[in-house]
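Asker: Provided herewith is a single structure, encoded as structure tokens, for subsequent inquiry.
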Amino acid sequence: MLLSRSKRLRRTPFTDRVEAAGVKGYTVYNHMLLPTVFDTLEADYRHLKGHVQVWDVACERQVEVKGPDAFRLVQMLTPRSLANLQYGRCLYTPMVDETGGMLNDPVTLKVDEDRYWVSIADSDLLLWVKGIAIGSGLAVDVSEPDVSPLAVQGPKSEELMVRVFGAAVRDIGFFRFERLPFGDTAFIVARSGYSKQGGFEIYLEGGQYGEALWDVLFAAGEDLNVRAGGPNTIERIEGGLLSYGNDMTRENSPFECGLGKFAHLDEAYGCIGRDALLREAVEGPARQIRGVRIDGDPVPACTEAWPVSAGGERAGQVTSAMWSPDLGFNVAIGMVEKSHWEPGTRLEIAAPDGVRGGTVAVLPFTS
Ligand code: THG
């Protein structure tokens with residue numbers, strides 16, 4: 001089965017290079033190509049944990065909010081207090097609707113006075129933000145600028161980034177960014193990314209620079225064994241990084257997603273979902289994201305939710321699952337009902353190839 005391609009399934013400034021690097025699989029994310037496999041998922045995983053990879057994550061589109069009411073609008077979107085969001089900082093910001101349901105889990109950057117970039121996961125957040133801006137009569141422009149993140153991930157990422165952007169890279173703290181020169185322009189460079197192996201994200205501003213940036217990274221990293229890669233499902237499940245649309249949807253609150261620490265309900269005045277979240281906070285969530293260790297041989301691909309039960313009673317669902325070569329068991333992420341969410345609780349998981357035993361675990365997986 002091949003995905004039929006057209007203009008609607010957007011290419012990125014890096015797609016020609018990704019194809020030349022021998023991409024073997026894509027997913028679709030924000031209506032855009034996202035490379036997922038270059039060698040095998042397991043070989044890519046091993047390489048990511050040992051070396052350095054360059055990832056085309058242009059699909060992490062930016063919703064730019066600009067204008068005198070920009071701060072006010074962004075704070076309407078998230079229960080996380082933005083009081084500490086100075087220039088140079090990135091914040092992981094769950095975004096919710098009026099019921100407190102998750103609409104997206106972006107990283108938000110203050111890139112200028114009265115200008116924010118909301119670096120989104122896979123949902124059409126732009127439409128929601130435009131609707132709120134217009135419906136509330138706010139003085140803002142909401143757009144999707146020509147910005148395409150390129151991630152450099154893995155233990156050798158700092159060495160590679162220093163070679164291309166200079167020693168200033170070393171002083172960038174986790175979830176901080178600097179604007180660093182590149183040729184006749186400059187890019188925002190953040191220490192962040194969708195892996196637990198350490199790394200950076202370069203916010204390419206101007207698609208015309210994409211291939212030059214890609215080529216410079218590969219030339220500078222030859223002796224570091226740099227390769228093309230992408231968000232690796234095995235590594236991200238081990239690391240407990242959530243995937244919007246898979247592990248959580250509009251049906252889930254930040255509390256259910258284990259993101260309650262990012263809900264500052266005493267401070268996030270104006271947040272559209274605040275009242276609903278305040279109500280939920282009284283009782284606490286009825287279910288929550290957990291790790292699940294699944295018994296047996298490597299599980300098949302998790303392409304839909306797998307029902308989870310315990311002693312005949314419904315106990316939740318598994319939404320991401322993979323065999324972990326390093327841990328030697330199947331790692332999974334699921335939503336588990338309160339009655340069964342204590343780590344160590346035994347579960348039955350209805351995988352497509354049969355029912356398997358499993359155990360509730362803490363994220364991230366360590367052993
Ligand atoms: N980088 C950028 N944009 C993105 C992603 C990214 N947009 C889509 C998607 N990823 C958004 N989701 C996440 C999920 C987790 C993290 C980042 C984006 C993440 N979490 C860290 C963790 O859980 O350990 C740190 C969170 C914190 O403590 O602040 O990095 O990757 N630009």
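The values are calculated or read from the model by the stated rules, or taken from the named source; none is laboratory data. None of the values given here were measured: they were computed from a predicted structure. Note: ideal-geometry Cβ built from the backbone for every residue, glycine included; neighbour counts use all protein chains shown.
Asker: Please work out which residue is nearest to the ligand (Cβ to nearest atom), limiting yourself to region 190-228 and to residues that are basic (Lys, Arg) and buried (at least 18 other Cβ atoms within 10 Å of the Cβ). Reasoning before the result, please.
Answerer: Our first condition is that a residue be basic (Lys, Arg); within region 190-228, this holds for 191, 196, 227.
After this cut, where a residue has to be buried (at least 18 other Cβ atoms within 10 Å of the Cβ) as well, the list is 191, 227.
Numbers: 191: 10, 227: 19 Å.
The selected residue is 191.
Asker: Out of curiosity, is residue 139 away from the ligand (no atom under 15 Å from the Cβ), assigned to a loop (DSSP other than H, G, I, E, B), of a type in the set (A, V, I, L, M) and more than 20 Å from the chain's Cα centre (by Cα)?
Answerer: Numbers: away from the ligand (no atom under 15 Å from the Cβ): yes; assigned to a loop (DSSP other than H, G, I, E, B): yes; of a type in the set (A, V, I, L, M): yes; more than 20 Å from the chain's Cα centre (by Cα): yes.
Against the criterion (away from the ligand (no atom under 15 Å from the Cβ), assigned to a loop (DSSP other than H, G, I, E, B), of a type in the set (A, V, I, L, M) and more than 20 Å from the chain's Cα centre (by Cα)), residue 139 qualifies.
Asker: To continue, here is another question. What are the residues in region 51-80 that are within 16 Å of the ligand (Cβ to nearest atom) and either over 21 Å from the mean Cα position of the chain (by Cα) or part of a helix (DSSP H, G or I) (or both), if any? Write out each step before concluding.
Answerer: Initially, region 51-80 is screened for residues within 16 Å of the ligand (Cβ to nearest atom), giving 53-65, 74, 77-80.
74, 77 - these are the residues of region 51-80 that are within 16 Å of the ligand (Cβ to nearest atom) and either over 21 Å from the mean Cα position of the chain (by Cα) or part of a helix (DSSP H, G or I) (or both).
Asker: Can you confirm whether region 60-72 contains a residue that is within 24 Å of residue 187 (Cβ to Cβ), in contact with a Leu (Cβ under 6 Å, 6 or more places away or on another chain) and surrounded by fewer than 24 Cβ atoms within 10 Å (Cβ to Cβ)?
Answerer: Scanning region 60-72 turns up no residue that is within 24 Å of residue 187 (Cβ to Cβ), in contact with a Leu (Cβ under 6 Å, 6 or more places away or on another chain) and surrounded by fewer than 24 Cβ atoms within 10 Å (Cβ to Cβ).
Asker: Suppose the filter is more than 10 Å from the ligand (Cβ to nearest atom) and either over 22 Å from the mean Cα position of the chain (by Cα) or polar (S, T, N, Q) (or both); does residue 119 pass it?
Answerer: Numbers: more than 10 Å from the ligand (Cβ to nearest atom): no; either over 22 Å from the mean Cα position of the chain (by Cα) or polar (S, T, N, Q) (or both): yes.
No, not satisfied.
Asker: Ok, one more. Which residue is nearest to residue 224 (Cα to Cα), if the candidates are limited to region 171-183 and must be touching a residue at least 24 places away in the same chain (Cβ under 8 Å) and in a strand (DSSP E or B)? Please lay out each step first, then the result.
Answerer: Kept after step one, since they are touching a residue at least 24 places away in the same chain (Cβ under 8 Å), are these residues of region 171-183: 172, 175-178, 182-183.
Remaining after also requiring in a strand (DSSP E or B): 176-178, 182.
Details: 176: 25, 177: 24, 178: 24, 182: 21 Å.
So, considering only residues that are touching a residue at least 24 places away in the same chain (Cβ under 8 Å) and in a strand (DSSP E or B), the one nearest to residue 224 (Cα to Cα) is 182.
Asker: Something else about it: Would you mind stating whether residue 42 is surrounded by fewer than 24 Cβ atoms within 10 Å (Cβ to Cβ), more than 19 Å from the chain's Cα centre (by Cα) and in contact (Cβ under 8 Å) with a residue 24 or more places away in the chain?
Answerer: Details: surrounded by fewer than 24 Cβ atoms within 10 Å (Cβ to Cβ): yes; more than 19 Å from the chain's Cα centre (by Cα): yes; in contact (Cβ under 8 Å) with a residue 24 or more places away in the chain: yes.
When the stated conditions are applied, residue 42 passes them.
Asker: Which residue pairs have Cβ atoms under 6 Å apart, sit 6 or more places apart or on different chains, and have a first residue in region 222-238 that is at negative phi and of a type in the set (Ser, Thr, Tyr) and a second that is more than 16 Å from the ligand (Cβ to nearest atom) and part of a strand (DSSP E or B)?
Answerer: Close Cβ pairs (under 6 Å, with a partner that is more than 16 Å from the ligand (Cβ to nearest atom) and part of a strand (DSSP E or B)) amount to 233/322.
Asker: Considering only residues of region 1-42 that are among the hydrophobic types (A, V, I, L, M, F, W, C) and touching a Pro at 6+ places or on another chain (Cβ under 6 Å), which is farthest from residue 203 (Cα to Cα)? Spell out how you get there, then give the answer.
Answerer: Let us first name the residues in region 1-42 that are among the hydrophobic types (A, V, I, L, M, F, W, C), namely 1-3, 9, 14, 18, 20-21, 23, 28, 32-34, 37-38, 41.
Retained after the next criterion (residues that are touching a Pro at 6+ places or on another chain (Cβ under 6 Å)): 18, 23.
On the way: 18: 17, 23: 22 Å.
By that ranking, first place goes to 23.
Asker: Any idea which of 235, 280 is away from the ligand (no atom under 16 Å from the Cβ) and either at pLDDT 95 or above or not basic (Lys, Arg) (or both)? Show your work before the answer.
Answerer: On the way: 235 fails: away from the ligand (no atom under 16 Å from the Cβ).
After applying the criteria, what remains is 280.
Asker: Is it fair to say residue 188 is of a type outside the set (Asp, Glu) and in contact with a strand residue (DSSP E or B) (Cβ under 6 Å, 6 or more places away or on another chain)?
Answerer: Details: of a type outside the set (Asp, Glu): yes; in contact with a strand residue (DSSP E or B) (Cβ under 6 Å, 6 or more places away or on another chain): yes.
Yes; evaluated as a whole, the condition is true for this residue.
Asker: Taking interchain pairs and intrachain pairs at least six residues apart, which have beta carbon atoms under 6 angstrom, with the first residue in region 125-143 and of a type outside the set (A, V, I, L, M, F, W, C) and the second outside any helix (DSSP H, G or I)?
Answerer: 130/142; 141/66; 141/67; 143/64
Asker: If you don't mind, there's one more thing I want to ask. When only residues in region 91-116 that are farther than 17 Å from residue 244 by Cβ and in contact with a strand residue (DSSP E or B) (Cβ under 7 Å, 6 or more places away or on another chain) count, which is nearest to the ligand (Cβ to nearest atom)?
Answerer: 109
Asker: Is one or more of the residues making up region 147-160 more than 13 Å from the ligand (Cβ to nearest atom), part of a helix (DSSP H, G or I) and surrounded by fewer than 20 Cβ atoms within 10 Å (Cβ to Cβ)? Outline the logic, then answer.
Answerer: To start, the set of residues in region 147-160 that are more than 13 Å from the ligand (Cβ to nearest atom) comprises 154-160.
Then drop every residue that is not part of a helix (DSSP H, G or I), which leaves 157-160.
So of that shortlist, the ones also surrounded by fewer than 20 Cβ atoms within 10 Å (Cβ to Cβ) come out as 158-159.
The answer is yes, given that some residue of region 147-160 is more than 13 Å from the ligand (Cβ to nearest atom), part of a helix (DSSP H, G or I) and surrounded by fewer than 20 Cβ atoms within 10 Å (Cβ to Cβ).
Asker: From the list 186, 168, exactly one residue is within 21 Å of residue 12 (Cα to Cα) and either free of Cβ contacts under 8 Å to residues at least 24 places away in the same chain or of a type in the set (Lys, Arg) (or both). Which is it? If you could, list the steps in order and put the result at the bottom.
Answerer: Working: 168 fails: within 21 Å of residue 12 (Cα to Cα).
Every option except 186 fails the conditions.
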